[in-house]
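**Student:** Quick one: the structure is below, questions incoming.
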Amino acid sequence: QVQLVESGGGLVQTGGSLRLSCAASGSIFMFNVMGWYRQAPGKQREPVADIFSDGNSYYADSVKGRVTIFRDNARNTVYLQMNSLKPEDTGVYYCTATSTAAGRYWGQGTQVTVSS
């Protein structure tokens, strides 16, 4: 069973930056795609960014130009660098990893709060 552990969330002012980390308990080579979702209070969970095994990435329109997803295979960790944060970026951020063979895994989430 693979475990994903997020860290790096916190309270930041508008315009600030945060780097979220997602550490996997095993090798991330097994995953076809890894990514981040977020859930704001009273709203559905939504995708933020994905990174695929071929190196391609996807970003939600709401974060394009402000967010970068990247992976460190040696550390089995995926990162989400978030800049120019806005209050609407507030929410719980979840790491997810998907393998064709094993399905999808989720982390426990990390809270990001952006104050105005």
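**Student:** Name the long-range amide H neighbours of Gly16: under 5 Å, sequence gap of 5 or more, or other chain; modelled H, no Pro or chain starts.
**Tutor:** Under 5 Å from the amide H of Gly16 lie the amide H atoms of Leu85, each far enough along the sequence or on another chain.
**Student:** Continuing with this model, one more query. Read phi for every residue in the stretch 100-116 and hand back ³J(HN,Hα) as whole Hz from Karplus 6.51 cos²θ - 1.76 cosθ + 1.60, θ = phi - 60°, with x for Gly and Pro.
**Tutor:** Those phi angles translate into 4, 7, 9, x, 10, 10, 10, x, 8, x, 9, 7, 10, 10, 10, 8, 8 Hz.
**Student:** Here is a follow-up. Using amide H atoms built 1.01 Å from N in the peptide plane, name the residues 5+ places from Gly109, or on other chains, whose amide H lies under 5 Å from its own.
**Tutor:** Result for Gly109 returns Glu6, Cys95.
**Student:** How large is log10 I(q)/I(0) at q = 0.24 Å⁻¹ when the Debye formula is applied to the Cα atoms of the chain, each weighted equally and without solvent?
**Tutor:** Treating every Cα as an identical point scatterer, log10 I(q)/I(0) equals -1.44.
**Student:** Express in Å², to the nearest 10, the accessible area of Arg19 obtained by rolling a 1.4 Å probe over the protein heavy atoms while all chains stay in place.
**Tutor:** We get 120 Å² for Arg19.
**Student:** Ranked by accessible surface with a 1.4 Å probe, highest first, in what order do Asp72, Asp89 come?
**Tutor:** Solvent-accessible surface, decreasing: Asp72, Asp89.
**Student:** Out of the total accessible area of the stretch 1-108 (probe 1.4 Å, heavy atoms of protein only), what percent is carbon and sulfur?
**Tutor:** Answer for the stretch 1-108 is 48 percent, counting heavy atoms of protein chains only.
The values are calculated or read from the model by the stated rules, or taken from the named source; none is laboratory data. Quick caveat: nothing in here was measured; it's all calculated off a predicted structure. Heads up: the accessible areas ignore ligands, DNA and RNA and are worked out on the full protein's heavy atoms, side chains in. Shrake-Rupley method; radii C 1.70, N 1.55, O 1.52, S 1.80 Å.
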